[in-house]
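None of the figures in this text is laboratory data; all of them are computed from the coordinates on show. Everything numeric here is computed off the predicted structure, so don't read it as measured data. Reconstructed Cβ throughout: ideal geometry from the backbone, glycine too, with neighbour counts over all protein chains shown.
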Amino acid sequence: MTNEKKEMKFPSLKEALETIPKIHGHVCTASYLGARMGLYAMKHIKLKRKKDLAVGVEILTCAADGIAAATQCSFGGGRLIHLDHGKFSAFFGNWMTKEAIRLKLNPAIDMEHVLYGNALSKFYHDLPKITMEDAKKRKADLKKIEDSLIEKWDKISDDELFILEKADLDPNILKAPLDQQYISKPIECESCGDITESSKTTVKEGRSLCKTCAGIFGE
Ligand SMILES: [Zn+2]
Ligand SMILES: [Zn+2]
């Protein structure tokens with residue numbers, strides 16, 4: 001019982017915000033919102049064990065780090081996957097009970113964040129063409145906007161920041177597949193000799209090759 005209670009304790013927002021800089025560099029707008037989103041989700045999903053939780057983030061990698069800090073689901077642990085859907089939202093599921101929820105940003109907050117993101121993206125686009133002095137000034141102005149957004153959201157309740165809905169999906173799909181977590185059928189690539197999971201190799205001109213040697217890097 002003691003163990004179960006200890007295991008089920010998720011970080012406070014303060015603790016999650018202290019973790020983010022260690023994995024992300026600093027607390028940015030998206031990692032802040034990700035942490036809030038993750039903690040809000042933990043209040044709404046029934047879990048007996050932390051390891052039954054799996055998360056699929058539908059956007060920004062920054063948000064994924066905030067969610068990881070809050071939920072302790074990580075890419076490395078196989079229970080946090082990136083879904084390239086281009087939306088600031090995430091699925092949270094208990095793969096044992098099959099319960100799943102989805103959280104998204106309130107549209108007004110979402111648009112506010114998009115506008116800031118556009119300004120930041122324009123800055124990085126312009127960066128090679130502007131002077132160091134201009135760059136410093138523009139970055140400082142952006143930092144002020146970032147800080148003021150986080151300060152503003154910090155005063156807003158979870159129900160005002162997010163929209164919560166039930167999700168119709170099997171939470172098992174939010175976990176990394178077993179053949180990404182284990183090398184259960186190892187074979188040697190016939191070009192580089194690396195030990196490789198056989199289901200990931202390709203036969204090319206009669207030889208079993210790893211993806212790198214077959215020229216399909218990263219897929
Ligand atoms: Zn970030
Ligand atoms: Zn190879």
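Our coupling estimate for region 181-191, obtained by passing each phi through the Karplus curve with A = 6.51, B = -1.76, C = 1.60 and θ = phi - 60°, is 9, 9, 9, 8, 10, x, 9, 8, 4, 7, 9 Hz, Gly and Pro reported as x. For region 93-154 versus region 11-28, the inter-centroid distance based on Cα atoms is 16 Å.
Amide H contacts under 5 Å for PHE162: ASN106, restricted to partners 5 or more places along the chain or on a different chain, H placed in the peptide plane at 1.01 Å from N.
Within the chain, what's the longest stretch lacking chymotrypsin sites (Phe, Trp or Tyr not before Pro) that sit in DSSP loops with no more than 11 other Cβ atoms inside 10 Å? Longest gap between qualifying sites, sites excluded: 1-181.
Placing +1 on the Cβ of every Lys and Arg and -1 on the Cβ of every Asp and Glu, with no other charges, gives the chain a dipole of roughly 460 debye about its Cα centre. Ranked by how many other Cβ atoms sit within 10 Å of their own Cβ, fewest first, the residues VAL27, VAL203, VAL57 fall in the order VAL203, VAL27, VAL57. Using only the alpha-carbon atoms of the chain as identical scatterers, what base-10 log of I(q)/I(0) does the Debye formula give at q = 0.15 Å⁻¹? Ignoring solvent entirely, the Cα scatterers give -1.00. Pairs LYS50/LYS98; LYS185/LYS211; LYS51/LYS175; LYS104/LYS166; LYS14/LYS137; LYS9/LYS43: which are spaced more than 18 Å apart, C-alpha to C-alpha? Exceeds cut-off: LYS14/LYS137. Between TYR116, SER184, THR196, the Cα set farthest toward the positive side of the dipole of region 53-199 (charges on each charged residue's Cβ, about the Cα centre) is that of TYR116. The gain in end-to-end length when the LYS43 to ASP168 segment is fully stretched comes to 43.1 nm, 0.36 nm per residue minus the alpha carbon separation. For region 111-219, which trypsin sites (Lys or Arg not before Pro) are in a loop by DSSP, counting at most 11 other Cβ atoms within 10 Å? Loop-located and lightly packed - LYS155.
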